[in-house]
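S.K.: Got a structure here, written out as structure tokens. Questions coming.
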Amino acid sequence: MFVFITIKKKQLFIILGVVIICIVLMFFLHFTPIASTVFIDKKISQEIQKIFDIRSQAILDKDIKTLESLYDVSRKYGAWAYEHELKKMKYLHGWSDKQGIKFTNIISKTMVKWVKEKGEKFTVNLTVCTEYKYVYEDDTKKVNSFRIGTYHSLDLKEYDDKWIIMREWYTDPFADSMHLDQIKTEKIKEYIISQNSRDLSNIGERRKSALEYADRYCGAAGDKEFIYNKKYKNYNPNGGDCANFASQILYEGGKFRKTYSWNYDKGGSKAWVNAHAFKGYMVYSGRASVVAYGTYEKVYKAAYKLMPGDFVAYEKKGEVTHISVVTGADSKGYTLVNSHNTDRYRVPWDLGWSDKGIKFWLIHVHF
């Protein structure tokens, strides 16, 4: 027995279209290889940690040959990645000469988030917490340290049982200042070495609370949790989270009340999340005052007046682009800061920012 079904012309076109789409999808699924598979591999994680260990030691020793061996410099992106690390290495040692210090160890802890296999190469997304230890030239017994957290995307390939970097991208905390040769470092070095340690134990309770918050939520620079406060949006993908973090420190830790201009009621207000607006609001509202303003050579002596909970605003071409919050001082009383963007924990306040193209606002907060 035959059953005849009447199909309208419009319905027929729809059915034919669906059939064609199904055939096309089946064709691609059958003949097109999967571009990448997301996974975390113990061996690759170990190899990445090994690469960063070797790189840290090469930077510490100024070992250019070993540093270059970690990259595929025959490729454009590999050469760029190597050249940037070489430039950073020279900057770090130039900064240490200005500071009168010697780096004694650089320790990188890598945390792989995911790996994607693409043909013969692997793309890796990871977080790196790097600890720098240093001593002053005239006092080698007192070891100081700071940590920087960075977020990396890199391509790796294995050549003759050795893994090398083909491409690397990350927000470099030193990228804004690679021109220390512009600064007359000898006079600055003499002044820094002549200073004594500072006792910051007698700060008020609100400053202590602000300090605790800044240390707890310093992200990838932390020593345990590596977190931001999940109550707040992470603005790094939108240009930077530094002012948002500074606002949190003052509100959550320092117990400053929100205002019409400075709040997080519907996401962050401009004064809450924008570095330039944050600095302007804090000063013009009377909640803070300017200690000093100008180039590094002009303000570095005044920086010793800053206390935990105060902040430094970094200006490029007339616009404040970054905010760091003061969290302590090292064995010579040199001011240390925490921040987001490239996450910092107790980092010398000018590291990565100390050339003549940058001006500093040293700001005292009225707790």
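The values are calculated or read from the model by the stated rules, or taken from the named source; none is laboratory data. Computed from a predicted model, the values in this text were never measured in an experiment. No Cβ is skipped: glycine too gets one built from the backbone with ideal geometry, and neighbour counts run over all protein chains shown. These accessible areas exclude ligands, DNA and RNA; they are computed on the full protein's heavy atoms, side chains included. Shrake-Rupley method; radii C 1.70, N 1.55, O 1.52, S 1.80 Å.
S.K.: Given a 1.4 angstrom probe, I'd like the percentage of the accessible area of the chain that is carbon and sulfur, rounded to a whole number.
M.R.: On the way: 10470 of 19200 Å².
Within the chain, the accessible surface is 55 percent carbon and sulfur.
S.K.: Let me ask you something else. Can you give the percent of C-alpha pairs in the chain whose distance is more than 37 Å? Spell out each step's value before the answer.
M.R.: On the way: 20906 of 67161 pairs.
Value for the chain (Cα pairs over 37 Å): 31 percent.
S.K.: Another question, if that's okay. Which order do you get for S324, S285 if you rank them by accessible area with a 1.4 Å probe, largest at the top? Please list the in-between numbers first.
M.R.: Values: S324 0, S285 55 Å².
My answer, sorted largest first, is S285, S324.
S.K.: Quote the accessible area belonging to D355 in square angstrom, nearest 10, computed with a 1.4 Å probe and with ligands, DNA and RNA left uncounted.
M.R.: Probe radius 1.4 Å; accessible area of D355 about 10 Å².
S.K.: What are the residues whose amide H is under 5 Å from the amide H of D241, where those residues sit 5 or more places off or on another chain and H is modelled from the backbone?
M.R.: Residues meeting the amide H criterion: N236, N341.
S.K.: Checking a compactness column here: for segment 108-222, what do you get for Rg(Cα) / (2.2 N^0.38 Å), N being the number of residues? Kindly include the intermediate steps, with their values, before the conclusion.
M.R.: Details: Rg = 20.1 Å, N = 115, 2.2 N^0.38 = 13.4 Å.
Taking the Cα Rg and dividing by 2.2 N^0.38 Å, one obtains 1.51.
S.K.: Over the chain, give the accessible area per residue in Å² for a 1.4 Å probe, as an integer.
M.R.: Details: 19200 Å² over 367 residues.
Per residue, the chain has an accessible area of 52 Å².
S.K.: Also: Mind checking segment 279-367 for trypsin sites (Lys or Arg not before Pro) that DSSP puts in a loop (not H, G, I, E or B) and that have at most 14 other Cβ atoms within 10 Å? Working shown, then result.
M.R.: Values: sites: K279, R287, K298, K301, K305, K316, K317, K332, R344, R346, K356, K359; in loops: R287, K301, K317, K332, K356.
Those satisfying the criteria are K301, K317, K356.
S.K.: Something else: Output the pairs from K162/K316; K88/K359; K90/K316; K279/K301; K113/K189; K76/K279 with a Cα-Cα distance over 32 Å in this structure; if there are none, say none. Kindly include the intermediate steps, with their values, before the conclusion.
M.R.: Values: K162/K316 42 Å; K88/K359 21 Å; K90/K316 22 Å; K279/K301 21 Å; K113/K189 41 Å; K76/K279 40 Å.
Exceeds cut-off: K162/K316; K113/K189; K76/K279.
S.K.: What percent do you get for the relative contact order of segment 253-367 when only Cα pairs under 8 Å and 6+ apart count? Let's see the in-between values first.
M.R.: Details: 212 pairs, mean separation 34.0, N = 115.
Worked out over segment 253-367, it gives 30 percent.
S.K.: Now for a different question. Counting DSSP beta bridges in the chain, what percent are antiparallel, to the nearest 5? Spell out each step's value before the answer.
M.R.: Details: 69 of 71 bridges.
Of those bridges, close to 95 percent are antiparallel.
S.K.: Taking springs between alpha-carbon atoms closer than 10 angstrom, which of K42, K231, K189 fluctuates most in the Gaussian network model of the chain?
M.R.: K231
S.K.: Can I ask one more? Roll a 1.4 Å probe over the protein heavy atoms and report the accessible area of Y151 in Å², nearest 10.
M.R.: Accessible area of Y151: about 80 Å².
S.K.: Compare Y281, Y260, Y136 in a GNM of the chain, Cα atoms joined below 10 Å, and give the one with the largest fluctuation.
M.R.: Checking each option, the largest mean-square fluctuation is seen for Y260.
S.K.: Relative contact order for the chain using alpha-carbon pairs under 8 Å, separation at least 6, rounded to a whole percent?
M.R.: Values: 685 pairs, mean separation 56.4, N = 367.
Relative contact order comes out at 15 percent.
S.K.: May I ask you to derive the relative contact order of segment 206-316, considering only C-alpha pairs under 8 Å and at least 6 residues apart, and to give it as an integer percent? Mind dumping the intermediate values first?
M.R.: Numbers: 104 pairs, mean separation 26.9, N = 111.
Relative contact order, segment 206-316: 24 percent.
S.K.: Compute the semi-axes of the equivalent ellipsoid of segment 214-277, taking the square root of 5 times each eigenvalue of the Cα gyration tensor, and list them largest first in whole Å. Walk me through the numbers before you get to the answer.
M.R.: Values: eigenvalues 78, 37, 18 Å².
For segment 214-277, the semi-axes come out at 20, 14, 9 Å.
S.K.: Specify which residue in the list G318, V143, Y91 is farthest towards the positive end of the charge dipole of the chain, using unit charges on the beta carbon of Lys, Arg (+1) and Asp, Glu (-1), about the Cα centre.
M.R.: It is G318, whose Cα lies furthest towards the positive end.
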